[in-house]
Each structure stands twice: as C-alpha cells, then as structure tokens.
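The values are calculated or read from the model by the stated rules, or taken from the named source; none is laboratory data. All of these numbers come straight from a predicted model, not from anything done at the bench. Reconstructed Cβ throughout: ideal geometry from the backbone, glycine too, with neighbour counts over all protein chains shown.
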C-alpha cells in the first residue's frame, strides 16, 4: 500500500496569507518525500471560491525540482475551461521535467463561480470531459492525429512534446457517483475513493461495481482513497483538532458549492460531490467515522478496517495535512507520526506478500 498527501489549497483569508501558504505547501512536499511518502496530489481552484491553486501543473513543476522520487498528481485538473491540446502539452512538460512522475487526475468541474468566471456552459461539462480525455490520450500516444468532435475540431497535427511515461502517464478519473465508477471500470482507468462525499456504504458499493467491471474486462487499475487524518499520542487531542479543522473545511466547501449565478447557461451541474451538504456540515460530529483520527495505534486499526471494507483493493491512501487552515506545525505532527509509526505496518506487510508471491 502506498501513501501520499493531498492539497486543494483551501484558503481562509483571516487565517492564512497566500505567499507563506505556497511556501509551506512546497516545504510540506519536500518533507513528505523525506518521510517516505509516495505521492503528492494538488487540486485546481479559481476566483477565491475555495482554494488558491489555479494551475496544478505549475506548482507541481516546482515540486519536481525539489524532489526526486515523489509521484506528482492532480486531484483534479478540470477539463471544462481549457483546450485539451494545451492540457496535453502542459502535463507532458511536467512529466518530462519530473523524469516521468506525473499522475494525471481529471474531473469535469463542479463549482458554479468557476463556470461563471470563464463563461463556460456547465451543461456541457460532461461531454467536454469525455472528449477531453480522448484527445489527451491520443495526443500522448499517436504521432499525428486529427479530431472531429462535438466540442473540438482540428486538422491532422502532432502534439509535442511527448511524455516520458509510456504509453502515457497514468490517468485517474474523478469518481464520486456510480456513473463515474462504471465509466472508469469499463475503460480501465484509475479511480479515486472519497468516502465522506457519499457515505462509506454507498462508496463501497460503487467501488465494488468498479472492481467487478475491471476484472470482467481484464483491466488492471489502481484505487486512490482520500481520507482526513489527524494523529496525536493523546486520542482526545487528535479528536479535538480534527473537529476544529474539519468543521472549518466543510463550511468553506459548502459555501463554494452553494454559490449560484443568475445565468442558467453558466449554472454548474448538480455535483455529486457537493449535493449532500448536510453530510459535510455534520463532519465535525463524525470525525472518527469519516476520518482516521486518534493515536498511531488506532490509525493502524482503522486502515485495516478500511482495507477489509474495500476488499483489500485500496492501492494508495492519501490525506490532507493542512485542510481547514491546519498549521504547518500541526500538519507535520500528523505526517511524522504517520510516517514513523503507521506506514511501516503496511510497508512491511507489502514486502512480505511480495515475497510470498515470488
């Protein structure tokens, strides 16, 4: 099992300043590699509606120059606002400068203000999403190609540069609804599991459908699970810190999802990620059931429970070290405890199972 960190750069103006936040997040990436984490995932946000990283490729390029091993993921890059050929070019450059470390997570977009700001028709987001994925794959794997689609048309051309990873960098779909898991399973694309967005039972059911489809079609793909993690040697201290920061994070999340525009053509589609706002609002009361919260010993037990619930099919677990304006120092406390006392239980387990297979 691999482990990583994730950041959507959620921004709280009364508690954070932009430049130090960026600097601390870059330092956190360097710390993650030094502590033995396997990946970092960065989201895309605009217009101060939720977060302050509009271009994950640019930030991850900076991370690439400061690290040598960490996988560099997007969680997610939105397909609704840019030409997919530009996306293919930008992320191919990132794959090159990182020496083949890109994990490309893609999503259709959900926040209303983003669509309004870019003048994009949110009703087209699903179609653009599917067409963009096709174009990006072809741009990376075909020397020359043309395209005649519903949203983009262009003559035969060659996209440069090509990425380092062959046949192309791994792609993750933003998977929240059953429809998303089904599509990922049918085509053999990697998937995200975000249990707090739909509830653990529904997410487990959707993920089981995904794994069944992968197996029936002979695909091999990875599942990356996103959880909140708060650790301390004192259980109640971890719970208290989790409640404070998860409530703050949920309030900002719900605020971003609730904003609406008067122009129906720019109104965001009903997002599966944000439609259960009551679930988000109540997270502070359910921190131990929706997250991994407590002592390192409890974290080990909780991860084993999660693995069992998902049929031992979680390949990577990632968590957000500074969600809800958690300070760098508090984030590092959890990261260090996790790296030193939790990860070894699962890394050693992987080595043993590999040896058995050999």
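The table below lists the values:
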{"quantity": "Failed criterion for residue 116 (all others in (1) in contact with a helix residue (DSSP H, G or I) (Cβ under 6 Å, 6 or more places away or on another chain); (2) within 21 Å of residue 74 (Cα to Cα); (3) surrounded by 18 or more Cβ atoms within 10 Å (Cβ to Cβ) hold)", "calculated": "(2)"}
{"quantity": "Single unsatisfied condition, residue 238 versus (1) surrounded by 20 or more Cβ atoms within 10 Å (Cβ to Cβ); (2) under 30 Å from residue 170 (Cα atoms); (3) in contact with a strand residue (DSSP E or B) (Cβ under 6 Å, 6 or more places away or on another chain)", "calculated": "(2)"}
{"quantity": "Within the stretch 267-358, helices (runs of 4 or more DSSP H) holding 1 or more residues that are in contact with a strand residue (DSSP E or B) (Cβ under 9 Å, 6 or more places away or on another chain), at pLDDT 95 or above and within 15 Å of residue 230 (Cβ to Cβ)", "calculated": "296-309, 328-337"}
{"quantity": "Per-region count, the stretch 193-233, residues more than 17 Å from the chain's Cα centre (by Cα) and not in a helix (DSSP H, G or I)", "calculated": "9"}
{"quantity": "Residue in the stretch 15-34 that is within 15 Å of the chain's Cα centre (by Cα) and either part of a loop (DSSP other than H, G, I, E, B) or surrounded by fewer than 21 Cβ atoms within 10 Å (Cβ to Cβ) (or both) present", "calculated": "no"}
{"quantity": "Members of the stretch 206-225 found to be within 18 Å of residue 304 (Cα to Cα) and in contact with a helix residue (DSSP H, G or I) (Cβ under 8 Å, 6 or more places away or on another chain), listed by number", "calculated": "207, 223, 225"}
{"quantity": "Residue check, residue 37 closer than 30 Å to residue 344 by Cβ, in a loop (DSSP other than H, G, I, E, B) and in contact with a helix residue (DSSP H, G or I) (Cβ under 9 Å, 6 or more places away or on another chain)", "calculated": "yes"}
{"quantity": "Residue within the stretch 47-56 that is buried (at least 18 other Cβ atoms within 10 Å of the Cβ), closer than 25 Å to residue 193 by Cβ and at pLDDT below 95 present", "calculated": "yes"}
{"quantity": "Among (1) more than 21 Å from residue 197 (Cβ to Cβ); (2) over 21 Å from the mean Cα position of the chain (by Cα) - the single one residue 328 does not satisfy", "calculated": "(2)"}
